[in-house]
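Below is one structure; the comments refer to it alone.
The values are calculated or read from the model by the stated rules, or taken from the named source; none is laboratory data. In this text, all values refer to a predicted model and were calculated from it rather than measured experimentally. For neighbour counting, all protein chains shown are included, and Cβ atoms are generated from backbone atoms with ideal geometry for every residue, glycine included. For the accessible areas, the whole protein counts, side chains as well, though only heavy atoms, and no ligand, DNA or RNA atoms are used. Shrake-Rupley method; radii C 1.70, N 1.55, O 1.52, S 1.80 Å.
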Amino acid sequence: MQMRAWAGLMRSLAIYYNPLRRRQLRSFYADLLEPGDLCFDIGAHVGSRARAMRAAGARVVAFEPQEPFAGFLRRSLPRDIVLEEMAVGPAEAEARMAVSSLHPTVSSLSTSFAAEAADAPGFGHVRWDRSQQVRMTTMDAQIARHGLPDFVKIDVEGFELDVLSGLGQPVPMLSVEYLPAFRNRTIAVIDRLEDLGPYRFNPVTGEAGGFLWDDWRSADEARAWLSALPANGGSGDLYARLD
């Protein structure tokens, strides 16, 4: 099992440290962020986005509980990126993560995500073959510790709403991964953000280096766009910005 976990790490490094992808991320965050902005990278994985945020001049707190990724980040991240080796969710607690050793980007703390994914397009080859006990904190607790972030990236495979359940105030900007096969989860995130503040939305499809829309649109427009996506369509990130 240890060999499978290290194989998953090597696979992720090959994907996320692709030179073209790194250049796209750096350019995107350079346009999105201001020097000195505080960013939370929730679900940091191999740290590619945390590094791109840092390159834009941001102060970064990276959250990653999954091994061997947390150990890799501990050894490799620049010292000015703060690493919190814990998950973020609705409460301060211990939690169990379902882990896919060979496809670790889809490891999840959601108790239902793996079961639903078994029948979802694009997940037929994925197996969740082990679990890991992790510490869980909340956004509110980390805001009390580090300050209110200017931007929060959330990529936690079906656990996004749980992360936002631990947030009691709006943040200026955030992003969540969307998966068309699980669009109802992203729509529930939009509903939660509407409870927190007047957000407007803009997607980034796949690993595109820019926003899909020329303007930021309403929650209803974002819901309609998500609802129209084919279930077997590609994933991406939905950005939300306080109006």
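For the chain, the pair-distance distribution built from all alpha carbon pairs, in bins 10 Å wide starting at 0, is 8, 33, 41, 18, 1 percent. Dipole orientation for the chain: of the candidates 125, 146, 226, 125 has the Cα lying most toward the positive pole (charges on Cβ; Lys, Arg +1; Asp, Glu -1).
Projecting the Cα positions of 52, 175, 5 onto the charge dipole of the chain (unit charges on Cβ atoms of Lys, Arg, Asp and Glu, taken about the Cα centre) puts 5 furthest along the positive direction. Residues 3, 10, 173 ordered from highest to lowest accessible area at a 1.4 Å probe: 3, 10, 173. Estimated purely from DSSP H runs of n ≥ 4, each contributing -39500 (n - 2.57), the mean residue ellipticity at 222 nm for the chain is -10500 deg cm²/dmol once divided by its residues. Highest mobility in the GNM of the chain, judged by mean-square fluctuation with C-alpha springs under 10 Å and restricted to 154, 81, 143, is found for 143. Running Debye on segment 84-188 with equal point scatterers at the Cα sites and no solvent, what base-10 log of I(q)/I(0) appears at q = 0.09, 0.10, 0.20 Å⁻¹? Log10 I(q)/I(0), no solvent term: -0.23, -0.29, -1.08.
Considering all different alpha carbon pairs of segment 14-136, the Kirkwood hydrodynamic radius works out to 15.5 Å.
Counting Lys and Arg as +1 and Asp and Glu as -1 over every other residue whose Cβ lies under 14 Å from the Cβ of residue 223, the net charge comes to +1.
What share of the DSSP beta bridges in the chain is antiparallel, in percent to the nearest 5? Close to 55 percent. Here the gap between residue 119 and residue 2, fully extended at 0.36 nm per residue and compared with their Cα-Cα distance, gives a gain of 39.4 nm. Of the residues 220, 31, 214, 129, ranked by 1.4 Å probe accessible area with the largest first, the sequence reads 214, 31, 220, 129. Taking a ≥ b ≥ c as the square roots of the eigenvalues of the Cα gyration tensor of segment 35-97, is the shape rounded (a/c under 1.5), prolate (a/b larger than b/c) or oblate? Verdict is oblate for segment 35-97.
Taking amide H atoms as placed 1.01 Å from N in the peptide plane, list the residues 5 or more away in sequence, or in a different chain, whose amide H sits under 5 Å from that of residue 178. For residue 178, the qualifying residues are 236, 237, 238. Label point of residue 243 set 7 angstrom out along Cα-Cβ; within segment 214-232, amide nitrogens under 17 Å from it belong to 214-225.
In plain terms, the C-alpha convex hull of segment 202-243 casts an average shadow of 3.1 nm² when viewed from every direction. Our summary gives segment 1-97 a relative contact order of 24 percent, counting only alpha carbon pairs under 8 angstrom and 6 or more residues apart. Per-residue Karplus couplings for segment 53-59, computed as 6.51 cos²θ - 1.76 cosθ + 1.60 with θ equal to phi - 60°, are listed in order as 5, 4, 5, 7, x, 7, 8 Hz, Gly and Pro entered as x. Phi angles of segment 86-102 translate, via the Karplus equation with coefficients 6.51, -1.76, 1.60 and θ = phi - 60°, into HN-Hα couplings of 8, 7, 10, x, x, 7, 6, 6, 9, 9, 10, 9, 7, 10, 9, 4, 7 Hz per residue; Gly and Pro are given as x.
Positive end of the charge dipole of the chain (Lys, Arg +1 and Asp, Glu -1 on Cβ, about the Cα centre): tell me which of 205, 25, 101 has its Cα farthest that way. Of 205, 25, 101, it is 101. Note on segment 131-243: Cα convex hull, mean projected area over all directions, 7.7 nm². Phi-derived couplings, Karplus 6.51 cos²θ - 1.76 cosθ + 1.60 at θ = phi - 60°, listed residue by residue for segment 232-243: 9, x, x, 7, x, 10, 9, 9, 10, 10, 4, 6 Hz, with x used for Gly and Pro.
Placing +1 on the Cβ of every Lys and Arg and -1 on the Cβ of every Asp and Glu, with no other charges, gives the chain a dipole of roughly 1000 debye about its Cα centre. Around the amide H of residue 83, modelled in the peptide plane, lie the amide H atoms of 62, all under 5 Å away and 5 or more residues distant in sequence or on another chain. For residue 130, the residues 5 or more places off, or on other chains, whose built amide H falls under 5 Å of its own are 99, 101. Only the Cβ atoms of Lys and Arg (+1) and of Asp and Glu (-1) were treated as charged; on that basis the dipole of segment 156-224 about its Cα centre amounts to roughly 80 debye.
By a 1.4 Å probe calculation restricted to protein chains, residue 150 has an accessible surface near 50 Å², given to the nearest 10.
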